[in-house]
Amino acid sequence: DVKVTQSSRYLVKRTGEKVFLECVQDMDHENMFWYRQDPGLGLRLIYFSYDVKMKEKGDIPEGYSVSREKKERFSLILESASTNQTSMYLCASRRDRNTGELFFGEGSRLTVL
Amino acid sequence: ILNVEQSPQSLHVQEGDSTNFTCSFPSSNFYALHWYRWETAKSPEALFVMTLNGDEKKKGRISATLNTKEGYSYLYIKGSQPEDSATYLCAFSLRNQGGKLIFGQGTELSVKP
């Protein structure tokens, strides 16, 4: 069974803390994505990566960075967490760059106090 | 600003009822339309990826149609069951955007036994 695994389902952090959200996929996909989901809004793209060590900004990259050191792993980093980053974070991967379905992880719900 | 509108936002039906949702998107430069089902505490899962005007796809009791000229897609569920309760997400991509998906806010379906 193909899988996208996010390291933490629930996290509670304090304002100013550095937060790492890890995502691993076992499908050998080159393309990986980080989204956040907030009530009443669609999934919004934060960052994506088409290859190892490659990253591109999505629609809402401010306050976030990413790391893609290995093909299977894509990490989202909040350098200094703020309360407006309280959200559900979803990682996804896809085989082809421009086409095909996304495979999602189960999400990481982050609360920043 | 590119926008995807889904309606209704939420829907409560009885077991056995048939139901349908709408996804509206900009029709120019269309590339692909995706439907995902997101059950609570699980990963969003792809239902359909559609690219051609007039496309109709079916998976069990669920089917979808696509009209790229007028910019809408319908998702139908025949004889809803409690296990169909989920949030249904639609997303579209444009030809000149490298396959980047823009998501609607979702339709939350609750099916009561």
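Just so it is clear, none of the values below were taken in a lab; they were calculated from the coordinates. Every value quoted in this text rests on a predicted model; they were computed, and no experiment measured them. Every residue, glycine among them, receives a Cβ derived from its backbone with ideal geometry; neighbour counts consider all protein chains shown.
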Near A:F74, within a Cβ-to-Cβ distance under 10 Å, what is the net charge of the other residues, with Lys and Arg +1 and Asp and Glu -1?
+2
Projecting each Cα onto the charge dipole of chain B (Lys/Arg +1, Asp/Glu -1 at the beta carbon, about the Cα centre), which of B:F25, B:T51, B:S10 comes out farthest on the positive side?
B:T51
Pop a pseudo-label 7 angstrom from the Cα along the beta-carbon direction at both A:M27 and A:D51 and give the gap in nm to one decimal.
2.1 nm
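Let's see if you can work this out: charge +1 on each Lys and Arg Cβ, -1 on each Asp and Glu Cβ, no other charges. What is the dipole magnitude of chain A about its Cα centre, in debye to the nearest 20? Present the calculation step by step, with values, prior to reporting the outcome.
Numbers: 18 positive and 17 negative charges, 51 e Å.
Its charge dipole is roughly 240 debye.
Within a 10 angstrom radius of each residue's Cβ in A:94-105, how many Cβ atoms of other chains show up on average? Whole number is fine.
Working: counts 2, 0, 1, 2, 8, 6, 5, 11, 9, 4, 7, 2.
If you average over the peptide's residues, the count of other-chain Cβ atoms is 5.
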How high is the relative contact order of chain B, in percent, counting Cα pairs under 8 Å that sit 6 or more residues apart?
37 percent
Selection from A:P39, A:G16, A:Y50, by position along the positive dipole direction of the range A:15-63 (Cβ):
A:G16
Using 1/(1 + (r/R0)^6) with R0 = 22 angstrom and r between the beta carbons of B:Y74 and A:D96, what's the FRET efficiency to the nearest 0.05?
0.25
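Would you mind giving the mean number of other chain beta-carbons within 10 Å of the Cβ of each residue in B:100-109, as a whole number?
Details: counts 7, 9, 5, 7, 3, 7, 5, 0, 0, 0.
Mean number of neighbouring Cβ atoms from other chains: 4.
Please pull out the direction-averaged projected area of the protein assembly as shown, using the convex hull of its alpha-carbon atoms, in nm² to one decimal place.
Numbers: hull surface 48.7 nm².
Taking a quarter of the hull surface, the average projection is 12.2 nm².
Sort B:Y31, B:Y88 so that the residue with the fewest other Cβ atoms within 10 Å of its own Cβ comes first and the one with the most comes last.
Starting with the residue having the fewest Cβ neighbours, the order is B:Y31, B:Y88.
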Could you size up the charge dipole of the protein assembly as shown around its Cα centre, putting +1 on the beta carbon of Lys and Arg and -1 on that of Asp and Glu, and report it in debye to the nearest 20?
340 debye
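So if I place +1 on the C-beta of Lys and Arg and -1 on the C-beta of Asp and Glu, and nothing else carries charge, what would the dipole magnitude of chain B be about its Cα centre? I want it in debye, nearest 20.
Values: 11 positive and 11 negative charges, 62 e Å.
With Lys and Arg at +1 and Asp and Glu at -1, about 300 debye.
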Please give the per residue volume of the convex hull enclosing the alpha carbon atoms of chain B, rounded to a whole number of Å³.
93 Å³
Given a Förster distance of 41 Å, report the FRET efficiency between A:S7 and B:N3 from their Cβ-Cβ distance, rounded to the nearest 0.05.
0.80
Provide, as a two-decimal number, the C-alpha radius of gyration of the range A:9-113 over 2.2 N^0.38 Å, N being how many residues it has.
1.01
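Please sort by residue number the trypsin sites (Lys or Arg not before Pro) in the range B:64-113 whose DSSP state is loop and whose Cβ has at most 16 other Cβ atoms within 10 Å. Please report the intermediate quantities before stating the final value.
Numbers: sites: B:K69, B:K78, B:R95, B:K100; in loops: B:K69, B:K78, B:R95, B:K100.
Within the range B:64-113, the qualifying trypsin sites (Lys or Arg not before Pro) (loop, at most 16 other Cβ atoms within 10 Å) are B:K69, B:K78, B:R95.
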Averaged over its residues, how many other protein chain Cβ atoms are within 10 Å of peptide A:35-48's Cβ atoms?
4
Just want the ordering: B:H34, A:H29, B:H12, from fewest to most Cβ atoms lying within 10 Å of their own Cβ.
B:H12, A:H29, B:H34
